Amino acid sequence: MIAHLKGREKALEPFGWSGRHAEWITLVCLHSGVFTRAQWARFMDAHPEQVRRGVLALIAERVASEETEPGLAGIGRVCRIFARPVYRALGAEHIRHRRGASTEVLMRRLLSLDYVIEHTDLPWLPTEQEKVAAFDALGIERSLLPVRVYRGAARETRRYFPVKLPVALDSVRALFVYAEPGHDTATALRSWGRVHRGLWRALAKLDLSVEVVAVARTARELDRARRVIGGWAEPAGPGEPDPGIREELARIERAIVQGAVHILDEFGGLQAALKRSIALESQARRQETGRASIHRGAAWRTARLAGVRFR
């Protein structure tokens, strides 16, 4: 039994799914909407041929599609569960997971799922509604939750936790997962941290341990995430970081990744640029917060998606 599914997998029995099979479909729908055959094989401890037949059955039932992602190599085909009746049965009819997505969003979804299937015992809050309700119950003001406002002709819609990354919460710990889709710099990670900082500090005041895990594919991404997240756990000086520091950091990181020698030469070459990057990272941490935002940070490397390459 996967406790955080709260028995929702039983709602899939009318589709002919039960047991571990139903749990897998439920897990995918609630956490990502997409999966690879390797992920299904890992979860089910199944032979690739069993997984192949399972995927073909979903396609035949017009529940899912399986396609090669044009922006990615080394991943094989990606299966997406899109059938609205399945999501409706799970109480998640309007979740965006069933829709197609950009390469960046697709990678985030797959990385998120990869972490969750290795930690299914954690008390995950898989939907926006569950996340908001859980923090409401703790007395956390909604103004502290990450939010994106969509303005339409008739009204505006507020979507909390819009990036839809995994969050687990119980009486002693709050765990937030950041999935690194393969950016050249840490700008997106830092931005994600800033919009969560108020929430993290509010949770710490309630004596909850606040922890962050970055999920990534490469050693470079993991090392970069460790440096940034490690800074969030360290007390620092007051004030907001200078935007110029973040811009210079991003410029150096891009130059290193892209091998832009003419930019690296501005800093005195590769080694000098690396030293400058480390100094800027330290300076940004000192400026960023008056006290630690989290209690613990870590990085986790995916095995099944490690060979993915962007075209």
Pairs returned, first residue in region 259-279 that is closer than 19 Å to Asp184 by Cβ and open to solvent by less than 30 Å² (accessible area, probe 1.4 Å), second residue that is hydrophobic (A, V, I, L, M, F, W, C) and not in a helix (DSSP H, G or I), beta-carbon separation under 8 angstrom, 6 or more apart or interchain, are Ala273/Phe267
Determine, yes or no, whether Thr103 is open to solvent by 50 Å² or more (accessible area, probe 1.4 Å), farther than 22 Å from Gly16 by Cβ and in contact with a Gly (Cβ under 8 Å, 6 or more places away or on another chain).
-> no
Among residues of region 34-85, those that are in contact with a Ser or Thr (Cβ under 8 Å, 6 or more places away or on another chain), modelled with pLDDT of 95 or more, open to solvent by 50 Å² or more (accessible area, probe 1.4 Å) and closer than 18 Å to Ala101 by Cα, counted | 2
Within region 3-12, the residues that are closer than 21 Å to Leu169 by Cβ and surrounded by fewer than 18 Cβ atoms within 10 Å (Cβ to Cβ) are Ala3, Lys6, Gly7
Test: residue in region 37-51 that is part of a helix (DSSP H, G or I), among the aromatic types (Phe, Trp, Tyr) and over 21 Å from the mean Cα position of the chain (by Cα) = no
From the option list Ala174, Ala186, single residue qualifying as more than 18 Å from Pro126 (Cα to Cα) and open to solvent by less than 40 Å² (accessible area, probe 1.4 Å) is Ala186
Output for region 25-36, where each listed residue is hydroxyl-bearing (Ser, Thr, Tyr) and part of a helix (DSSP H, G or I) | Thr26
Could you tell me which of the residues Ala204, Ala219 is under 19 Å from Ala299 (Cβ atoms) and either aliphatic (A, V, I, L, M) or more than 16 Å from the chain's Cα centre (by Cα) (or both)?
-> Ala219
Write out, first by first residue and then by second, each pair whose Cβ atoms fall under 8 Å of each other, whose residues are 6+ apart or on separate chains, and whose first residue, in region 3-22, is under 15 Å from Glu61 (Cβ atoms) while the second is of a type in the set (Gly, Ala, Ser) and open to solvent by less than 80 Å² (accessible area, probe 1.4 Å).
-> Leu12/Ser18; Leu12/Ala22; Leu12/Ala89; Glu13/Ala22; Pro14/Ala89; Phe15/Ala89; His21/Gly54
How many residues are surrounded by 20 or more Cβ atoms within 10 Å (Cβ to Cβ), out of contact with any Phe, Trp or Tyr (no Cβ under 6 Å at 6 or more places or on another chain) and assigned to a helix (DSSP H, G or I) when one looks only at region 13-24?
-> 1
Within the set of pairs 6+ apart or on separate chains, which have a first residue in region 159-175 that is of a type in the set (D, E, K, R), a second that is in a loop (DSSP other than H, G, I, E, B), and C-beta atoms under 8 Å apart?
-> Asp170/Pro123; Arg173/Leu208
Among residues of region 124-145 being of a type in the set (A, V, I, L, M, F, W, C) and free of Cβ contacts under 8 Å to residues at least 60 places away in the same chain, the residue surrounded by the most Cβ atoms within 10 Å (Cβ to Cβ) is Leu145
Pick out, from region 158-263, the helices (runs of 4 or more DSSP H) lying fully within it that include 1 or more residues that are out of contact with any helix residue (DSSP H, G or I) (no Cβ under 8 Å at 6 or more places or on another chain) and among the polar types (S, T, N, Q).
-> 187-205, 243-258
Residue list for region 59-101, restricted to those being without any contact (Cβ under 8 Å) to a residue 24 or more places away in the chain and part of a strand (DSSP E or B) = Ala64, Ser65, Glu66, Glu67, Thr68
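The values are calculated or read from the model by the stated rules, or taken from the named source; none is laboratory data. Predicted, not measured: the structure shown is a model, and the values here were computed from it. Note that each Cβ is placed from the backbone with ideal geometry, even for glycine, and that neighbours are counted across all protein chains shown. The accessibility values were calculated without ligands, DNA or RNA, using every heavy atom of the protein model including side chains. Shrake-Rupley method; radii C 1.70, N 1.55, O 1.52, S 1.80 Å.
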